[in-house]
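Inspection log for the structure reproduced underneath, given as structure tokens.
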Amino acid sequence: MSQSYTSTLIRLLVSFALLLCLSLFLQVSAQAASDKIHYTPEQIRDLGFEIAHELRCPMSVNQNLFDSGAPIASELKGQIFLMLEQGESKAHIIDFLVQRYGEKIRYQPSFSGATAILWFGPIFLLIGIIGFAALLIREQRKTATTKANNHE
């Protein structure tokens with residue numbers, strides 16, 4: 001009798017653990033579903049245009065999604081508006097498109113080790129050019145001074 005009591009107790013504990021896991025899963029799923037944002041039609045339009053202005057068209061050179069007439073731009077704008085209607089946030093939509101097309105879809109690339117040269121490269125190049133020009137001017141002045149002293 002004690003063996004059947006033990007097996008019944010084990011079954012009861014396993015059932016309780018499964019029920020607990022299921023309730024936690026349902027709670028997390030319900031919370032994830034409630035995280036959706038409910039936009040008004042005006043907010044969808046404004047936010048969709050804002051996102052389309054911030055992202056580069058993968059097919060057109062130096063055009064954002066908003067200005068591009070390429071078929072892929074129309075498809076991506078439709079995807080943006082669909083995701084907004086489904087309650088997705090601006091950050092989630094941009095992250096989704098960056099994962100799909102890479103960092104090059106952003107007009108303003110995020111700062112990372114890979115993009116540091118884009119941010120600091122022009123500054124270092126300018127400093128190098130100014131330093132090289134200063135060095136050339138100094139050498140020319142030395143040469144001119146030396147020639148002037150030799151003529152005297």
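Key figures for this structure:
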| quantity | calculated |
| --- | --- |
| Evaluation of residue 62 against (1) in a helix (DSSP H, G or I); (2) in contact with a strand residue (DSSP E or B) (Cβ under 9 Å, 6 or more places away or on another chain) (one fails), failing number | (1) |
| Count of residues meeting criterion [among the aromatic types (Phe, Trp, Tyr) and outside any helix (DSSP H, G or I)] in the range 65-90 | 1 |
| Among the residues listed as 123, 93, the single one being assigned to a helix (DSSP H, G or I) and in the same structural domain as residue 52 (by TED's automatic domain parsing) | 93 |
| Qualifying residue in the range 92-112 (condition: out of contact with any Cys (no Cβ under 8 Å at 6 or more places or on another chain), of a type in the set (Gly, Ala, Ser) and more than 30 Å from residue 38 (Cα to Cα)) | yes |
| Some residue of the range 81-100 being of a type in the set (Gly, Ala, Ser), modelled with pLDDT under 85 and surrounded by 10 or more Cβ atoms within 10 Å (Cβ to Cβ) | no |
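The values are calculated or read from the model by the stated rules, or taken from the named source; none is laboratory data. None of the values given here were measured: they were computed from a predicted structure. Glycine gets a Cβ as well: all are built from the backbone with ideal geometry, and neighbour counts include every protein chain shown.
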